[in-house]
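Here is the structure we will look at.
Every read-out reported here was derived from the displayed coordinates using simple, explicitly stated rules and does not represent laboratory data. Note that the coordinates shown come from a computational prediction; the quantities given were computed from them, not determined experimentally. Please note: Cβ atoms are built from the backbone with ideal geometry, for glycine as well, and neighbour counts cover all protein chains shown.
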Amino acid sequence: MSNSDVFRVAVCDDEMSQRRQLQFLIEKKRPGTIVELFESGEEFLSSFRPGFYDLIFMDLLMPGMGGVDATSKIRSIDASVPIAFATSSQDHAMDGYKNRVIRYLMKPFDPTEVGEVLILAEQMKGSQGGITLRINGKDMTFSYEKVCYAEQNAHTLFLHMANGATLQLTGKLDDVEAQTPDDTFMRCHKSYLVNLAHVKSIDKELQIFVMKDGDSVHIRRESLREAARLLTEYSLK
């Protein structure tokens, strides 16, 4: 199975019984799904990266950081990951609207409704724009949010992905750049194309983007000012 075929779901709920029930229903409705469990908003956000998950089930009422606050923080760095609220109350309808959640799931969970959310998230994944590349004779499309940055070394392309994988293929960075939106991706160096969604900061002294996963991406000296401007504009979206 290719990385683009993997379907990864996060379940964030402080009650173990609820996490386990949802995991059971997800794996029953969609065998092969990777399900990761988190017991607090803080724990989930500490490991969250844009483009890593295809769907998030978020409990609203948790000790510490509740689901609404956690969702707001997720939305500040990932505008489109599908999120479903899990709740025993419909009092947070406006919060769901503001944070663009795709569904409310009432507890106890209805297996049919869980299945519908999975189908909807899968359809959203398939409809997202992305980068299409030929790998081992097969065209594969990767949604923009799953690509941290692309790097070229001679005739070899390295695609650094949000899930930690690095794909290697023969090709030109120019061809990748031509498929990416200008307001999200920047050709910051002749050998690098960066996704601003995955940038943590700029180190002007070292002339690099510091990525959220700890990697560094080189910026040509004459592009430093533009890089700072684009990153600021992106963060204000």
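General remarks:
- This ranking places MET106, MET140, MET186 by how few other beta-carbon atoms lie within 10 Å of each, fewest first, which gives MET106, MET140, MET186.
- The loop-placed trypsin sites (Lys or Arg not before Pro) in region 155-214, going by DSSP, that have at most 15 neighbouring Cβ atoms within 10 Å of their Cβ come out as LYS172, LYS190, LYS204.
- Cβ-Cβ distance of THR132 and SER201, R₀ of 35 Å, FRET efficiency by 1/(1 + (r/R0)^6): the value works out to about 0.70.
- Stretchable slack from ASP139 to GLN168, in nm (0.36 nm times residue separation minus alpha-carbon distance): 9.0 nm
- Tally of Lys pairs whose C-alpha atoms are under 16 Å apart, taken over the chain, 8 or more apart or cross-chain: 11
- For region 130-235, alpha-carbon Rg over 2.2 N^0.38 Å: 1.01
- When the chain is treated as a GNM with alpha-carbon contacts under 10 Å, the residue of ASN153, ASN163, ASN195 showing the greatest mean-square fluctuation is ASN153.
- Listed residues PHE57, PHE158, PHE209, most fluctuating in the chain (Gaussian network, C-alpha, under 10 Å): PHE158
- Centroid-to-centroid separation of region 101-152 and region 174-218 [C-alpha atoms, Å]: 23
- Dividing the Cα radius of gyration of the chain by 2.2 N^0.38 Å, with N the residue count, gives 1.08.
- Applying the Kirkwood pairwise sum to the alpha-carbon positions of region 3-127 produces a hydrodynamic radius of 14.3 angstrom.
- Between CYS148 and HIS160, MET161, ALA162, the built amide H atoms are under 5 Å apart, and every one of these is 5 or more places off in sequence or on another chain.
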